[in-house]
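Here is the structure we will look at.
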Ligand SMILES: Cc1cc2nc3c(=O)[nH]c(=O)nc-3n(C[C@H](O)[C@H](O)[C@H](O)COP(=O)(O)OP(=O)(O)OC[C@H]3O[C@@H](n4cnc5c(N)ncnc54)[C@H](O)[C@@H]3O)c2cc1C
């Protein structure tokens, strides 16, 4: 996919990838073998009919292509930009076995950006008069809401923040996922009749019990996993140590990059170390660059091969000058007598045999060194937010407070469903959407069952 020049783009927040031209897209679509048993489809968590949407691009039927995508995927313009395609659909493409797989993600983005479907592409059933509440407006919540609205349910989404979209809005930066794209997708969900109540913290503003009392027949919990994880090393309380979710929220949602035009400040530093190797780490590193940092390090205890981030983000970060410090594990954040960060003390690492996760286990090599930095950003993962889950009596949980559900998203309590990061732990946009789709089907069956039992007795 075409991109803007690194030396220019690293100074602004405009989108990095430009997308395919029409001739590129048609040529790429024509390479697709249209396999009878397409592996790409099994590689996609929502099983999009990939050969069909690609064939429509090949035939220059862009609205048709977008219509096919929308039948499976509510947010194609978003998934085309942020899905880890190399591990999913593209990773399973048969052409990739001996050569270059089809650029399925770029084609999905092309169809979404050029489909221009007027009005509602999916049919919507007549209202059935039943109300369902959705808590959280991330990809899981938006998907369950749209699917149920199409089935005739009256849906209200309750969202804690003042803007909808979940991580898409507050976490992923503008240069990767422009806000106007997210807004288009949210507007589409609203066009299905879904109501959004913002600034509404379920568990505080209103409890789940009170929602049932208001007549909601079922409740879907899609509150994500937004609580930062700590490493527990000395120096984490120094000034200018941020947790990635706070740093990114300040910039993306609260527009701290435009302080004082907007109220929220963020510290701009010259030398920044980001701890972690996932998408969150890459987003933080590239945001720090755009705020004016001269040197930005990614500090990761394994090597490039084990990094969980999307490949494209690693490549783009390197092109922009982010320095990768592999086999490096931080052990202390150093500060001066005013409590400001001055450095990051690290251990060198070596990789040993794989652990239970299948990834090679890092061990100290005995080497110790200090990176001179004036800001440290922790991007080592997020865990569940306890406000809602702890407010629901008897709700079955696992691990660090994630909701236990069956494969349809049903929790141990009748009428309460959950999906996305709050059920799986931090995962991906498309897996949250897949969970939303399955839960929508299960909620429909559940509510129909309630109606039947009310009639019979
Ligand atoms: C910085 C960053 C970059 C990422 N990059 C990628 C990427 O490139 N590709 C990819 O596939 N995945 C990426 N991910 C992961 C992906 O964004 C998540 O897996 C996905 O957003 C999870 O969706 P969700 O709907 O479960 O939750 P979320 O998107 O977290 O949404 C949950 C929503 O619930 C709201 N909420 C929380 N508590 C309450 C409450 N009590 N009442 C009401 N509302 C509440 C929150 O405010 C939030 O809006 C990234 C994550 C981060 C943090």
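FYI, it's all coordinate maths here, none of it is from the lab. Source: prediction; values computed, not measured. Cβ: placed from backbone, ideal geometry, glycine included. Neighbour counts: every protein chain shown.
Results, tabulated for the structure shown:
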| read-out | value |
| --- | --- |
| Wholly within region 1-53, helices (runs of 4 or more DSSP H) carrying at least 1 residues that are over 22 Å from residue 95 (Cβ atoms) and in contact with a strand residue (DSSP E or B) (Cβ under 8 Å, 6 or more places away or on another chain) | 6-9 |
| Residue ID - farthest from residue 140 (Cα to Cα), chosen from residues in region 193-216 that are surrounded by fewer than 18 Cβ atoms within 10 Å (Cβ to Cβ) and touching a helix residue (DSSP H, G or I) at 6+ places or on another chain (Cβ under 8 Å) | 204 |
| Odd one out for residue 414, checked against (1) more than 12 Å from the ligand (Cβ to nearest atom); (2) buried (at least 17 other Cβ atoms within 10 Å of the Cβ) | (2) |
| Residue 274, sole failed condition from (1) under 19 Å from residue 8 (Cβ atoms); (2) touching a helix residue (DSSP H, G or I) at 6+ places or on another chain (Cβ under 6 Å) | (1) |
| Top-ranked residue of region 152-185 - restricted to ones that are in a strand (DSSP E or B) and surrounded by fewer than 23 Cβ atoms within 10 Å (Cβ to Cβ), ranked as nearest to the ligand (Cβ to nearest atom) | 156 |
| Odd one out for residue 393 among (1) over 30 Å from residue 273 (Cβ atoms); (2) surrounded by 13 or more Cβ atoms within 10 Å (Cβ to Cβ) | (2) |
| Considering residues of region 286-308 that are within 14 Å of the ligand (Cβ to nearest atom) and in contact (Cβ under 8 Å) with a residue 60 or more places away in the chain only, the residue farthest from the chain's Cα centre (by Cα) | 288 |
| Condition met for residue 371 (more than 29 Å from the chain's Cα centre (by Cα) and touching a residue at least 24 places away in the same chain (Cβ under 8 Å)) | yes |
| Checking residue 101 against (1) assigned to a loop (DSSP other than H, G, I, E, B); (2) within 16 Å of the ligand (Cβ to nearest atom); (3) closer than 18 Å to residue 19 by Cα, the condition it does not meet | (2) |
